[in-house]
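Notes follow once the structure below has been shown.
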Amino acid sequence: MGKVSPFHSTHPSASVYHDNSSCTEGNNIEAKYKKSGTDGRPKCDHCKRL
Ligand SMILES: [Zn+2]
(Lines give C-alpha, C1' and ligand atoms only; values in the text may rest on other atoms or scores of the structure.)
Protein backbone atom coordinates (compact mmCIF):
# COMPACT_ATOMS: atom_id res chain seq x y z
CA MET A 1 0.00 0.00 0.00
CA GLY A 2 1.15 3.56 -0.61
CA LYS A 3 2.29 5.75 -3.44
CA VAL A 4 1.75 4.50 -6.96
CA SER A 5 2.14 6.03 -10.41
CA PRO A 6 -0.55 8.65 -11.07
CA PHE A 7 -3.76 7.38 -12.63
CA HIS A 8 -7.19 8.81 -13.32
CA SER A 9 -10.66 7.87 -14.49
CA THR A 10 -11.89 8.84 -17.93
CA HIS A 11 -15.47 8.72 -16.60
CA PRO A 12 -17.32 12.01 -17.38
CA SER A 13 -17.92 12.72 -13.67
CA ALA A 14 -14.26 12.28 -12.69
CA SER A 15 -12.09 15.40 -12.42
CA VAL A 16 -9.02 14.44 -10.36
CA TYR A 17 -6.14 12.01 -10.45
CA HIS A 18 -5.04 9.52 -7.80
CA ASP A 19 -1.61 8.34 -6.72
CA ASN A 20 -2.21 6.14 -3.70
CA SER A 21 -3.18 2.49 -3.65
CA SER A 22 -5.12 3.04 -0.40
CA CYS A 23 -7.54 5.56 -1.94
CA THR A 24 -11.00 4.00 -1.97
CA GLU A 25 -12.13 6.39 -4.69
CA GLY A 26 -9.19 5.44 -6.88
CA ASN A 27 -9.76 1.77 -6.18
CA ASN A 28 -13.39 2.11 -7.24
CA ILE A 29 -12.47 3.17 -10.77
CA GLU A 30 -13.69 0.55 -13.19
CA ALA A 31 -10.98 -1.01 -15.35
CA LYS A 32 -12.53 0.36 -18.55
CA TYR A 33 -12.19 3.94 -17.21
CA LYS A 34 -8.79 3.60 -15.58
CA LYS A 35 -5.90 5.34 -17.33
CA SER A 36 -2.37 6.13 -16.20
CA GLY A 37 -1.07 9.69 -15.83
CA THR A 38 -2.50 12.85 -14.25
CA ASP A 39 -4.18 14.18 -17.42
CA GLY A 40 -3.32 17.66 -16.04
CA ARG A 41 -5.90 17.26 -13.29
CA PRO A 42 -5.69 18.31 -9.63
CA LYS A 43 -4.84 15.61 -7.11
CA CYS A 44 -7.64 13.78 -5.34
CA ASP A 45 -8.34 15.24 -1.86
CA HIS A 46 -8.30 11.79 -0.32
CA CYS A 47 -4.93 10.93 -1.88
CA LYS A 48 -3.53 14.21 -0.50
CA ARG A 49 -4.23 13.02 3.03
CA LEU A 50 -2.89 9.49 2.60
ZN1 LIG B 1 -7.56 9.38 -4.63
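The values are calculated or read from the model by the stated rules, or taken from the named source; none is laboratory data. The shown structure was predicted, so the numbers you read here are calculated from the model rather than taken from an experiment. Positions of Cβ are generated from backbone atoms using ideal geometry, with glycine treated the same way; all protein chains shown enter the neighbour counts. To get the accessible areas, we keep the full protein, side chains included, count just its heavy atoms, and leave off ligands, DNA and RNA. Shrake-Rupley method; radii C 1.70, N 1.55, O 1.52, S 1.80 Å.
Observations on the model:
- Amide H contacts for S22 (H built 1.01 Å from N in the peptide plane; partners 5 or more residues away or on another chain; cut-off under 5 Å): G2.
- The chain: equivalent-ellipsoid semi-axes (sqrt of 5 x gyration tensor eigenvalues, Cα, Å): 15, 11, 10
- Its relative contact order, with pairs defined as Cα atoms under 8 Å and 6+ residues apart, puts the chain at 43 percent.
- Cα-based reach from K48 at 18 Å (exclusive), listing aspartates and glutamates while leaving out same-chain residues under 8 positions away: D19, E25, D39
- Placing +1 on the Cβ of every Lys and Arg and -1 on the Cβ of every Asp and Glu, with nothing else charged, gives the chain a dipole about its Cα centre of roughly 80 debye.
- Accessible surface of segment 3-49, 1.4 Å probe, proportion on carbon and sulfur as whole %: 47
- When shorter helices are ignored and each DSSP H run of at least 4 residues is given -39500 (n - 2.57), the per-residue value for the chain at 222 nm works out to -3000 deg cm²/dmol.
- Average accessible area per residue (Å²) across segment 3-49 - probe 1.4 Å, nucleic acids and ligands excluded: 66
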